[in-house]
Amino acid sequence: MKVAPSMLSCDFSKMGFETERITKAGADFLHLDVMDGHFVPNITIGPSIIASIRPYSKLPFDVHLMIDEPLRYAEAFAKAGADYITFHVEASSDIDETIDKIRSLGVKPGIVLKPKTPAEAAFPYLDRVDMVLVMTVEPGFGGQSFMEDMMPKVRSLRKEIDRRRLETLIEADGGISAKTIAACSEAGVDVVVSGTGVFKAEDPADAIRLLKSY
Ligand code: DX5
Ligand code: ZN
């Protein structure tokens, strides 16, 4: 299992330090949650913050856009140093156009499914994206409870990706910790996002090691 700690749970007053600390703790990706106060009822960080922490880690930056117009802002996040840009299929931008735009910027595109969106919504794009992110909480806030009932969605994505012999990664996001990692692993998740589970652990390096062992 690959682990992408969510910086949403770090100490925002020391973001450079936190980026360095979690990189040294063994993270595989850094997950950055961008919220616009419109697509979700919360506001977090934008491209300038991402650009400012970019020098503190060589890890791939996995930028999760919870914003209404991903197409309009893709370039700003690419310039800020994103390696992956994932956006919601429920957002208002045209999906094909947004995938092409992200790809043209030299960044790996991914699509995200909210809990109520079925796996089939991702099927038409599976061969054109590098990642499918399955939300295991309603997007908007860290520290919520894991929705185990999202695992059938992961299984059907796993089945379809394997059937077509694609390399598309399946990422799960929300409420993932030592208690819920087994379900993700059994369902076929490749990358788990963990905010509270890593940053609020006594030792983040131990928490990451445990998640990676699945
Ligand atoms: C929720 C975000 C998640 C969140 C995960 O909208 O997309 O990345 O920060 O945090 P935990 O692991 O605390 O649920
Ligand atoms: Zn996220």
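The values are calculated or read from the model by the stated rules, or taken from the named source; none is laboratory data. Predicted model, so just to flag it, every value in this text is computed and none were measured. Using ideal geometry, Cβ is built from the backbone for each residue, glycine included, and neighbour counts are taken over all protein chains shown.
Some points to look at:
- Some residue of region 160-182 being in contact with a strand residue (DSSP E or B) (Cβ under 7 Å, 6 or more places away or on another chain), crowded, with 23+ Cβ neighbours inside 10 Å and more than 30 Å from K24 (Cβ to Cβ): no
- For region 1-50, the set of residues classified as under 25 Å from A205 (Cα atoms), in contact with a strand residue (DSSP E or B) (Cβ under 6 Å, 6 or more places away or on another chain) and small (G, A, S) consists of A4, S6, A27, listed by residue number.
- Flag for E18 being farther than 19 Å from G174 by Cα and in contact with a Cys (Cβ under 7 Å, 6 or more places away or on another chain): yes
- Residue within region 103-115 that is more than 13 Å from ligand 2 (Cβ to nearest atom), of a type in the set (K, R) and within 20 Å of P60 (Cβ to Cβ) present: yes
- Checked against (1) free of Cβ contacts under 8 Å to residues at least 60 places away in the same chain; (2) within 16 Å of ligand 2 (Cβ to nearest atom); (3) touching a Phe, Trp or Tyr at 6+ places or on another chain (Cβ under 7 Å); (4) closer than 26 Å to E120 by Cβ, L59 passes all but condition (4).
- Candidate set: region 141-152, residues that are on the phi < 0 side of the Ramachandran plot and within 16 Å of ligand 2 (Cβ to nearest atom); chosen: the one surrounded by the most Cβ atoms within 10 Å (Cβ to Cβ): M150
- Against the test of being in contact (Cβ under 8 Å) with a residue 60 or more places away in the chain and either within 28 Å of P124 (Cβ to Cβ) or in a helix (DSSP H, G or I) (or both), the options I161, I176, I170, I208 yield a single qualifying residue, I208.
- Filter result for the condition that a residue is surrounded by fewer than 21 Cβ atoms within 10 Å (Cβ to Cβ) and either closer than 29 Å to H38 by Cα or of a type in the set (K, R) (or both), over T196, T136: T196
- Subset of region 121-135 (residues that are away from ligand 2 (no atom under 12 Å from the Cβ), in contact with a Lys or Arg (Cβ under 9 Å, 6 or more places away or on another chain) and among the β-branched types (V, I, T)): V129
- Within region 159-190, the set of residues being within 24 Å of G140 (Cα to Cα) and charged (D, E, K, R) comprises E171, D173, K179, D190.
- Criterion: more than 14 Å from ligand 1 (Cβ to nearest atom), among the small types (G, A, S), modelled with pLDDT of 95 or more and out of contact with any Ser or Thr (no Cβ under 6 Å at 6 or more places or on another chain) - qualifying residue of S185, S177: S185
- Filter pass, D127 being over 17 Å from the mean Cα position of the chain (by Cα), in a loop (DSSP other than H, G, I, E, B) and either at negative phi or not β-branched (V, I, T) (or both): yes
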